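Below is one structure, written out as structure tokens; comments come after it.
Throughout, read-outs are computed from the coordinates displayed, never taken from laboratory work. Predicted, not measured: the structure shown is a model, and the values here were computed from it. Cβ coordinates were reconstructed from backbone atoms using ideal geometry, including for glycine residues, and neighbour counts include every protein chain displayed.
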Amino acid sequence: MKISIIGGTGDQGLGLALRFAIAGEDVVIGSRDVKKAENAVSEIKSMLGKEEINNLTPMTNPDAARAGDIVVLTVPLQAQMVTLKSIKDELEGKTFVDATVPLETCLGGRPTRYVDLWEGSAVERSAEFLNEKDVKVVSAFNNISAASLTNIPEDVQCDCLISGDDLEAKKTVIELAEKIPGVKAIDCGALENARVVEKITAMLINLNIRNKVKLTGIRITGL
Ligand SMILES: NC(=O)c1ccc[n+]([C@@H]2O[C@H](COP(=O)([O-])OP(=O)(O)OC[C@H]3O[C@@H](n4cnc5c(N)ncnc54)[C@H](OP(=O)(O)O)[C@@H]3O)[C@@H](O)[C@H]2O)c1
């Protein structure tokens with residue numbers, strides 16, 4: 001199973017790529033610029049102190065989307081649609097995971113504020129855009145911070161809240177999320193529940209700032 005991270009050169013994408021590479025998965029790092037993707041691969045190798053690992057491949061975003069069985073989008077909201085347009089034709093039949101959080105920073109505002117979207121959430125915006133394709137859209141990784149993903153060798157102290165309408169695709173993403181040490185994947189039901197999940201990230205950023213920390217996360221108890 002190949003996992004392609006679209007926008008994998010950024011904080012979140014690089015952190016996910018790092019954790020999936022450690023778990024032994026085949027990971028493709030996508031970028032608008034293949035040189036940037038190559039640099040991200042080198043950065044991960046040096047973080048791991050393992051120049052010889054061969055399960056990370058740099059590609060352009062469309063090539064990465066074509067190569068991946070699971071395609072994970074990790075770009076800021078303002079880049080979501082332009083990036084989706086560039087990979088749309090490559091997503092047919094695939095599981096597409098959206099980690100986008102609509103934060104006010106995309107409008108020059110605060111990272112502690114959520115921006116309401118007409119579609120209900122960022123992932124539903126993707127789902128509407130990909131509507132005429134056979135793409136299984138899943139929401140995941142929105143609440144797990146890049147700081148905790150790159151905080152190796154420590155476990156990630158955050159659950160992964162996963163929403164989606166396709167049960168098989170959701171199961172696949174649950175299994176993927178649980179390859180990150182410390183992460184418990186929680187099936188949160190239908191895709192529309194991402195409206196709640198995406199908002200939690202703004203609150204976690206608020207808690208990080210208020211407490212001058214970087215690693216806040218969320219745990220669901222009682223399950
Ligand atoms: N950072 C976190 O801790 C965190 C946690 C949870 C969720 N998220 C969500 O994950 C997503 C990515 O976050 P991030 O912090 O990794 O973002 P980022 O570092 O700002 O950007 C990620 C990548 O997106 C591409 N990109 C940026 N601006 C673009 C534009 N205008 N047009 C096209 N591509 C553009 C760039 O890739 P190339 O230049 O290589 O193409 C960049 O490396 C966001 O929606 C964020 O809300 C982030």
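Values for this structure:
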item: Members of K179/K214; K2/K45; K36/K85; K50/K184; K133/K179; K35/K85 lying beyond 24 Å, as alpha-carbon distances in this model show; result: K50/K184; K133/K179
item: Net lengthening on full extension, D134/E119 (0.36 nm per residue, minus Cα-Cα); result: 3.5 nm
item: Extended-chain gain in nm, criterion 0.36 nm per residue less alpha-carbon gap, K184 and I53; result: 44.5 nm
item: Neighbour-limited loop hits for GluC sites (Glu not before Pro), the range 95-159 (at most 12 other Cβ within 10 Å; DSSP other than H, G, I, E, B); result: E132, E154
item: Estimated D of the range 146-223 in µm² per second, where Rh is the Kirkwood radius over Cα pairs and Stokes-Einstein applies at 4 °C, 1.567 mPa s; result: 97
item: Qualifying aspartates and glutamates (Cα of each under 20 Å from Cα of K171; at least 8 residues distant if same chain); result: E25, D26, D69, E92, D98, E124, D134, D159, D187, E192, E198
item: Per-residue [θ]222 nm for the chain (sum of -39500 (n - 2.57) over DSSP H runs n ≥ 4, rounded to 500); result: -11500 deg cm²/dmol
item: Residue-span extension gain [C106 to M1] - 0.36 nm each, minus C-alpha spacing; result: 34.5 nm
item: Descending Cα extents along the principal axes, the chain, whole Å; result: 43, 41, 38
item: Computed magnitude of the charge dipole of the range 2-211 (debye, nearest 20; Cβ of K, R +1, Cβ of D, E -1); result: 520
item: Per-pair calculated FRET efficiency, R0 = 35 Å: V82 and I152 via Cβ, rounded to 0.05; result: 0.65
